[in-house]
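Derivation of every value follows stated rules applied to the coordinates shown; laboratory data play no part. Since we're looking at a predicted model, the values are computed, not measured. Backbone-built Cβ (ideal geometry, glycine too); neighbour counts: all protein chains shown.
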Amino acid sequence: MRNLPFFQSVSTLVGTIIGAGILGLPYVFAKAGFWTGLLVLVAVTLAMIFIKLMIGEVTLRTGERHQLAGYIGQYLGPKWKILSLLISITIYGALLAYFIGVGEALSAIFGGYYLVYSIFFYILAAFFIYKGVSLIKNAEFFLSVVVLAIFFIIVAFSHGHMNLNNVSGFSFSNLLVPFGVILFACSGTLAIPEMRQILKHREYLLKRAILTGVLFSSTIYALFALVVVAVTGQFTTEIATIGLGREVGPLLLIVGNLFAIFTMSTSFLSCGLALRDMFRYDFKLARHWPWLLVIVGPIILYALGWHDFIQIIGFAGALGFGLEGFEYIFTYWKARKHGNRHPEFAINKNLAFVMSIYLVITFVCGLGWVVFDIIK
């Protein structure tokens, strides 16, 4: 199939973006006011288009294969690369959120203690990450199709239970309330280097794949938040599909939580593989160490007491991306000057400057969410 690499690259990005974050979005939309949440989603989506295009151009200006830390190290130097490693530890927060979320979704369907299901999922996901990219990219393509099908089933079953009076509320004072969770939900930058590898010899498709993946993901986010908030209103739960199932009925409880399981599974695989490749290609760790470091990190965080789903994804999104985003901007401008390969697409320099300013504002807001969450 001639277009298969394009669809695989898009599904890799969508699978990385749409994960645990989608399950937390309705909760923060309901908490901040639906229209407040939608405004923040639009603003963050624009920022994600900018940063992903910039990272995509960096990969195309570089002949060598890296993960994000490697590009940062090549253009900014080894000290920045080490800093990137420290910041990338927040990826463990994302993996931990998927670990907890999948367990709770399975528990909602079958009953029992969520940690048992989380451990079973973790063992299976660890096997996929150990096997690598060829197995995962095919699994992600399949899972992305399944996720889309289940999403439309959820919309169809929920339609008769929606109350549009629940879709209300706007407050400037609440703009930071959903920011961390939305930033986490929309990130997915780890997928960009892998997308370039999937599109090898077809790199001219990377720009279109990025735009398609980001816009598709945010559209699904907006529709999902609309449906869930319209059905559950002030009773929206932190993991949206659990509350949705309670309101609509047992069948949707099963279907909705299957949706949660599949979305978090695709993101876990994408993030886990990207982190493994960072240790392998950017830090030159040999044999089984990259895989082992990916698997052990989230378990340590869980043992240290990180159990709150919304707090984990909000903190990981706001602090992790808020800090690392500045590195991406600096790396982009260095790559424009010192790249060793002619890129298949290049952003206009004046537009790139405006994009950089917008991104700085977005990342500062993300860090502001961290301060807000600590002092509230």
>> If you split all Cα-Cα distances of the chain into 20 Å bins from zero, what percentages do you get per bin, shortest first?
In response: 31, 60, 9
> Cα to Cα, under 25 Å, and not fewer than 8 places away if on the same chain: which lysines meet these conditions relative to residue 31?
Replying inline: 376
>> If I take R0 = 22 Å and measure r between the Cβ atoms of residue 340 and residue 79 in this structure, what FRET efficiency does the formula 1/(1 + (r/R0)^6) give, to the nearest 0.05?
In response: 0.55
> In percent, what relative contact order does the chain have, based on Cα pairs under 8 Å that are 6 or more apart in sequence?
Replying inline: 38
> Fewest first, what order do 302, 98, 332 take by the number of other Cβ atoms within 10 Å?
Replying inline: 302, 332, 98
>> Between residue 208 and residue 170, what is the label-point separation in nm under the 7 Å Cα-to-beta-carbon projection?
In response: 3.6
>> Using the Cα centre of the range 4-375 as the reference point, and only Cβ charges (+1 on K/R, -1 on D/E), how large is the resulting charge dipole? Debye, rounded to the nearest 20.
In response: 1240
>> As a quick test, which of the pairs 81/284; 200/349; 79/334; 81/349; 200/284; 81/131 have an alpha carbon distance above 20 angstrom in this structure?
In response: 200/349; 81/349; 200/284; 81/131
>> Among 323, 27, 55, whose Cα projects farthest towards the positive end of the dipole of the chain, with charges put on the beta-carbon of Lys, Arg (+1) and Asp, Glu (-1)?
In response: 55
>> Could you give each residue of the range 167-173 its phi-based ³J(HN,Hα) in whole Hz, using Karplus coefficients 6.51, -1.76, 1.60 with θ = phi - 60°, and x for Gly or Pro?
In response: 8, 7, x, 8, 8, 4, 5
> Got a sec? How would 271, 186, 365 order by Cβ neighbour count within 10 Å, fewest to most?
Replying inline: 365, 271, 186
> Once phi is turned into θ = phi - 60°, what whole-Hz ³J(HN,Hα) does the Karplus curve with 6.51, -1.76 and 1.60 give for every residue of the range 179-193, x standing for Gly and Pro?
Replying inline: 5, x, 5, 5, 4, 4, 5, 9, 5, x, 5, 4, 6, 4, x
> Per residue of the chain, what 222 nm ellipticity follows from adding -39500 (n - 2.57) for every DSSP H run with n ≥ 4, rounded to the nearest 500?
Replying inline: -25500 deg cm²/dmol
